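Each reported figure results from applying straightforward, stated rules to the coordinates on display, with no laboratory input. Predicted, not measured: the structure shown is a model, and the values here were computed from it. In this analysis, Cβ positions are derived from the backbone assuming ideal geometry, glycine residues included, and neighbour counts consider all displayed protein chains.
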Amino acid sequence: MNGADALLATLVANDVTACFANPGTSEMQFVAALDRHPAMRPVLCLFEGVATGAADGYGRMADRPACTLLHHGPGYGNGAANLHNARRAYTPMVNVIGDHATYHRQYDAPLNSDIAALAAPNSLWVKSAESPDAVAALAAEAIIASFGPPGGPVSLILPADSAWLETSGEPVIAQRAIRPAPAGEAVEAAARAIRAAVKPVLLIGGQACRAEGLAQAARLQAAGIRVMADTFVSRQPRGAGSFAPARMQYFAEMALADLDGTDLMIFAGTTRPVAFFAYPDRPSVLVPPGCRTLTLADRAEDAVAALGALADALGAPREGPNQPLLRPDRVPSGPLTPQTAGLSVARNLPEGAIICDDSVTSGGGIAGPTTTAAPHEVLGLTGGAIGIGLPLAVGAAVAAPDRKVVSLNGDGAAMYTLQALWTLAREALDVTVVVFANNSYRILNIEMNRTGAGQPGSQAAGLLSLGDPAISWVALATGMGVPAVRCETAEEFDRAFANAMAEPGPRLIEAAIP
Ligand SMILES: Cc1ncc(C[n+]2csc(CCOP(=O)(O)OP(=O)(O)O)c2C)c(N)n1
Ligand SMILES: [Mg+2]
């Protein structure tokens, strides 16, 4: 048994059984050891941003970490944007980063870098296994750290000699920490504050937006408290049978207008909301002036228990409002827009589907009608780094092979990590990819105006347009083995989407929207 075996044995013993990998020479021992540990499923990703985003999607759906296999600092660096997103989704994930043999580092060979420094900002925990005997215990430590609570990515650096040298020893089992229940005073204080408030709002995020949290939050809504969810949520049930909280608006002035008159904001599983960006003369903090704020449960605490206790304390009904099943009964017609596409998604989405949302300005068209679609779940962009919609879908489909996965992407967003299409085909994953092809970074055209940067001239407009040359998503997808169709009308999209929902396997729909 060598160090790589020790690592795989401990990962598998702790139920870490998926590895999204892009290997190099320093990882050859790990790759070879995969043959001796068949319980680990290796998934080749042709760019590290795909591997890290896939591990995020897997972790969100499985509630336990996948691992990645990354090559030195540069491999890690390529995966950093989606690790940033995963950190802000609090997703458990174990990055295994191959490094030079310990004695080789001193020679500063081309791939030498300060991996620990690179990994630190997006890792809850970073350590290097400096000997093969250290590997198993550190792997268990890494897994524990990734669970938090709240969870997040961790990074285990594996020098090549620690992987190839012999070691003995059993796999180490990690004990997962549980979320502490919030203090009784927090619940009592929240109940008191709500009784005294005129217009209280409960803001939920993270764990509070999962099914159990939503059910408790719905009880509070039934008791007269307005419940809102964070703008971007890691994983949230939606559709028939789920409580649909209002959402914090994206733009600061709209958020504050929506909150007008609110005199109390209580946070569960999240913190005080802030604007996504600063704009000249616009506020950063999305709490109305004079409004009191109070934390019921922070991100590490058991927000579900806290919401339940608060609902009990306020004598809320046992059950709150749930969404009905109301599917659009007619095929939408006319030009294809995000709105007509949303109707088609709502009509055809199967029960249990998982939507991976990186659809930027097209998202609003889908969100509305799907609130009464068949029950499904949505994985959102928690860290603002676009290019997650395709990788998330890879990981979600590996974690939940019996569920249909739908990946919704802006054309700009999809171009960051389009290599994921190849992995979808290679692994025959049941994923339908929609690319909203408006040939534009549309949101940035809106932001150009909002930031007061002025009207774009031809140079500036060129940086916001994807139209010249136009990207053929059908060519890109078929070139990587994914069957694809382009739709230009609402009817065409409805048919293509219905077909994709009816058949298993990867599909891409290029939605040509104006
Ligand atoms: C990693 C990363 N790089 C750049 C950006 C800045 N950015 C935000 S939205 C956007 C363009 C989105 O375009 P697209 O996906 O086509 O959506 P659309 O606005 O057209 O709906 C860019 C480049 C970002 N958020 N993340
Ligand atoms: Mg676009």
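Near the amide H of residue 274, under 5 Å away, which other amide H atoms are found, from residues 5 or more places off or on another chain, if H is placed in the peptide plane?
When sequence neighbours closer than 5 places are left aside, the close amide H contacts are 286.
Provide the per-residue ³J(HN,Hα) series for the range 407-423, in order, calculated from phi with Karplus coefficients 6.51, -1.76, 1.60 and θ = phi - 60°, each as a whole number of Hz, with x at glycine and proline positions.
Listing the rounded values in order: 10, 9, 9, x, 5, x, 4, 5, 5, 5, 9, 5, 4, 4, 4, 5, 5 Hz.
Convex hull volume of the Cα atoms in the chain, per residue, in Å³?
So the per-residue Cα hull volume is 156 Å³.
Run through the DSSP bridge list for the chain and note the antiparallel percent, rounded to the nearest 5.
Of those bridges, close to 10 percent are antiparallel.
Can you give the direction-averaged projected area of the convex hull of the alpha-carbon atoms in the range 1-96, in nm²?
Average projection, Cα convex hull of the range 1-96: 5.4 nm².
Using packing as a proxy for protection, rank 55-64, 288-297, 367-376 so that the peptide with the highest average count of other Cβ atoms within 10 Å comes first.
Values: 55-64: 27.0, 288-297: 17.2, 367-376: 20.2.
Result, highest mean first: 55-64, 367-376, 288-297.
Say the dipole of the range 114-252 comes from +1 at the beta carbon of Lys and Arg and -1 at that of Asp and Glu; which of 171, 118, 201 then lies farthest toward its positive end?
201
Divide by every residue of the chain the summed helix terms, -39500 (n - 2.57) for each DSSP H run of at least 4, and state the resulting mean residue ellipticity at 222 nm, rounded to the nearest 500 deg cm²/dmol.
One gets -10500 deg cm²/dmol as the mean residue ellipticity at 222 nm.
Give, rounded to the nearest 20 debye, the magnitude of the charge dipole that the chain has about its Cα centre when Lys and Arg contribute +1 at Cβ and Asp and Glu contribute -1 at Cβ. Walk me through the intermediate numbers first.
Values: 35 positive and 47 negative charges, 261 e Å.
Roughly 1260 debye for the chain.
Using the crude model of +1 on Lys and Arg Cβ and -1 on Asp and Glu Cβ, and no other charge, please compute the dipole size for the range 191-234 relative to its Cα centre, in debye to 20.
It comes to approximately 240 debye.
Taking H as built 1.01 Å from N, whose amide H comes closer than 5 Å to the amide H of residue 241, not counting residues under 5 places away?
323
Indicate the gyration tensor shape class of the range 105-223 (rounded, prolate or oblate), computed on the Cα atoms with a ≥ b ≥ c the square roots of the eigenvalues: a/c under 1.5 is rounded; otherwise a/b larger than b/c is prolate and the rest oblate.
Details: a/c = 4.18, a/b = 2.65, b/c = 1.58.
It is prolate, given that a/c is not under 1.5 and a/b is the larger ratio.
Which of the peptides 94-105, 320-331, 466-477 is most tightly packed, and how do the rest follow, going by the mean number of other Cβ atoms within 10 Å of each residue?
In decreasing order of mean packing, 94-105, 320-331, 466-477 become 94-105, 466-477, 320-331.
Cβ neighbours within 10 Å, averaged per peptide: list 249-259, 20-30 in order, most packed at the top.
Final packing ranking: 20-30, 249-259.
In nm², what is the average projected area of the convex hull enclosing the Cα atoms of the range 329-436?
Result: a mean projected hull area of 6.6 nm².
On the principal axes of its Cα set, how long, how wide and how thick is the range 78-129? Give whole Å, largest value first.
38, 20, 14
Debye calculation, C-alpha points only, no solvent: report log10 I(q)/I(0) for the range 50-152 at q = 0.10 Å⁻¹, in the same order as the q values.
After summing over all Cα pairs, the log10 values are -0.26.
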